[in-house]
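Only the coordinates and a few stated rules stand behind these numbers; no lab work does. Since this is a predicted model, take the numbers as computed values, not measurements. Cβ: placed from backbone, ideal geometry, glycine included. Neighbour counts: every protein chain shown.
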Amino acid sequence: MRPHVLASCAVSLDGFLDDATPQRRILSGPADLDRVDEERAKVDAILVGAGTVRADDPRLLVRAPERRAARTARGLPESPLRVVLTTRALPDGARIRSGPAETITLAGTPGEVLDELGCRGVVRLMVEGGASVLREFLSAGAVDELQLVLAPQLVGEGPRFTGGGRAPHLVGTRTIGEDVLLRYRFGDADDRHLAEACVLAENCPPSATAFSVGCVVVADDGTVLGSGWSRRDHPLDHAEEGVLRALGNDPRLRRATLYSSLEPCGARASRPDPCAALIARAGIPRVVHAWREPPEFVAAPSGTEQLEAAGTEVRHVPRWEPLARMCAARR
Ligand SMILES: NC(=O)C1=CN([C@@H]2O[C@H](COP(=O)(O)OP(=O)(O)OC[C@H]3O[C@@H](n4cnc5c(N)ncnc54)[C@H](OP(=O)(O)O)[C@@H]3O)[C@@H](O)[C@H]2O)C=CC1
Ligand SMILES: Nc1c(N[C@@H]2O[C@H](COP(=O)(O)O)[C@@H](O)[C@H]2O)[nH]c(=O)[nH]c1=O
């Protein structure tokens, strides 16, 4: 299975990734560099092109000790696998060649590289650049999410990425100090919204007695009506339950699609109404999920059967199941 690909970069106001001098130009402010570190800590592998290794001599490690410790506690290496795309040997003395993380080199099309990394068990890949690699991955339609930071600097000239590819759809913006983070997703509507639901599950407060799930509800014109995750507003809330409560009787629900990282439940121990009943009652005609509920807390999960009996179309997209599981396992 191919990994979920997050492309991440910072650009100046005039659109450059670096300046034209041999020194590395840091565009992100300190708070954004810390956010990038947080993203690194979530992935299995970080990929750059050899041009970035030659220009920046990066280490590509998780910097924050508490993030490294949290990875180790989950049985992961303290920093992700480092992947350099190159047709040559890495420069002698390049910092990326030394520990503590493992480094591999690969060559090939983005599709071949993703297949190879998928075979190695990489579920989440972060592509950090540089210009050629970003262009190559975006043009090949190999990026699922782009996190682009606009930094308040004017550079004049330097590397930039250009080129075609699938249309980006804005999913969120955030001001980070003086930087602005723009988050985009690519692909068809089901892939975009379902992958987003999966990563929302990372926000769930931990629980030993319930799954961690993310949910997005989208109107038939593509408007995101609501989103959330398990236990966001109340310790017993399922993700779908919290989102539907906030939406009340919105008439748009009758033509909406509900995306959930996990199949909506058909039975609950802690509350009378399972999510399948809440969805049917709200009149939502379509549900898309990534992961059939395992028989962990309920002997024979029946959410799909109940939804279908109520006339709701249910689509299971197994491509996102590893991402749904990985985000649910995050603490
Ligand atoms: N602002 C930001 O967020 C970031 C900025 N940057 C900047 O980007 C610049 C570097 O960009 P750029 O020069 O385009 O270099 P890249 O990092 O994109 O690397 C390009 C090189 O990668 C190798 N490569 C690319 N695709 C493949 C492939 N499919 N198979 C095998 N090898 C491949 C080739 O190396 P080879 O010739 O060895 O085969 C190629 O020359 C730097 O200035 C850096 O500072 C980089 C990352 C982030
Ligand atoms: N300059 C720049 C980035 N550059 C990326 O960070 C890498 C270096 O990371 P490290 O090894 O931890 O120092 C560098 O090679 C490139 O991939 N990233 C950003 O978010 N913002 C920035 O302004």
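In this rough spin-label picture, where each label sits 7 Å from Cα along the Cβ direction, the residue 233-residue 92 distance is 6.4 nm.
Taking label points 7 Å from Cα along the Cα-to-Cβ direction, residue 154 and residue 31 give a separation of 2.4 nm. Nearest 0.05, what FRET efficiency do residue 162 and residue 21 give at R0 = 22 Å with Cβ-Cβ as r? Once the sixth-power term is evaluated, E becomes 0.55. In this simple spin-label approximation, residue 316 and residue 182 carry label points 7 Å from Cα along the Cα→Cβ vector, and these lie 3.9 nm apart. Our note on the geometry: Cα centres of region 254-298 and region 8-84, 37 Å apart. For residue 132 and residue 38, the difference between the fully extended length at 0.36 nm per residue and the C-alpha to C-alpha distance is 31.4 nm. The ranking of 96, 104 by Cβ neighbour count inside 10 Å, starting from the fewest, reads 104, 96.
Based on DSSP H segments of at least four residues, each scored -39500 (n - 2.57), the chain has a per-residue ellipticity at 222 nm of -8000 deg cm²/dmol.
When the chain is described by a simple charge dipole with +1 on each Lys and Arg Cβ and -1 on each Asp and Glu Cβ, the residue from 155, 138, 62 located farthest towards its positive end is 62.
By its C-alpha gyration tensor, with a ≥ b ≥ c as the square roots of the eigenvalues, how is region 191-329 shaped: rounded for a/c under 1.5, else prolate for a/b larger than b/c, else oblate? Rounded, because the longest to shortest axis ratio a/c is under 1.5.
A rounded overall shape is assigned to region 4-187, the ratio a/c of its alpha-carbon gyration tensor axes (a ≥ b ≥ c) being less than 1.5. Around the amide H of residue 288, modelled in the peptide plane, lie the amide H atoms of 258, 259, 260, 315, all under 5 Å away and 5 or more residues distant in sequence or on another chain. Residues 211, 297, 137, arranged from fewest to most other Cβ atoms within 10 angstrom of their Cβ, appear as 297, 211, 137. Once a ≥ b ≥ c are taken as the square roots of the eigenvalues of the Cα gyration tensor of the chain, is the result rounded (a/c under 1.5), prolate (a/b larger than b/c) or oblate (a/b not larger than b/c)? The shape class here is prolate. Coupling constants for region 11-20 follow from the phi torsions by the Karplus curve (6.51 cos²θ - 1.76 cosθ + 1.60, θ = phi - 60°), and in residue order they are 10, 6, 4, 8, x, 9, 8, 6, 9, 8 Hz; glycine and proline get x. By the count of neighbouring beta-carbon atoms within 10 Å, fewest first, 193, 234 end up ordered 234, 193. Label point 7 Å out from residue 254 along Cα-to-Cβ: which residues of region 274-298 have amide N under 13 Å? Answer for region 274-298: 282-285. In this Cβ point-charge picture (+1 for Lys and Arg, -1 for Asp and Glu), region 191-329 has a dipole of about 120 debye about its Cα centre.
Charges were assigned to the Cβ only: +1 to each Lys and Arg, -1 to each Asp and Glu. The resulting dipole of the chain about its Cα centre is roughly 440 debye.
Annotation: amide H-H contacts under 5 Å for residue 166 (H modelled 1.01 Å from N, sequence separation of 5 or more, or interchain): 141. Computed from backbone phi, the HN-Hα couplings of region 50-57 come to 5, x, 5, 5, 5, 7, 10, 6 Hz, rounded to whole numbers (Karplus: 6.51 cos²θ - 1.76 cosθ + 1.60, θ = phi - 60°; Gly and Pro given as x). Contact order for region 191-329, expressed relative to its length and based on alpha carbon pairs under 8 Å spaced 6+ residues apart, stands at 26 percent. Packing, taken as the mean count of other beta carbons within 10 Å per residue, orders the peptides 250-260, 177-187 from highest to lowest as 250-260, 177-187.
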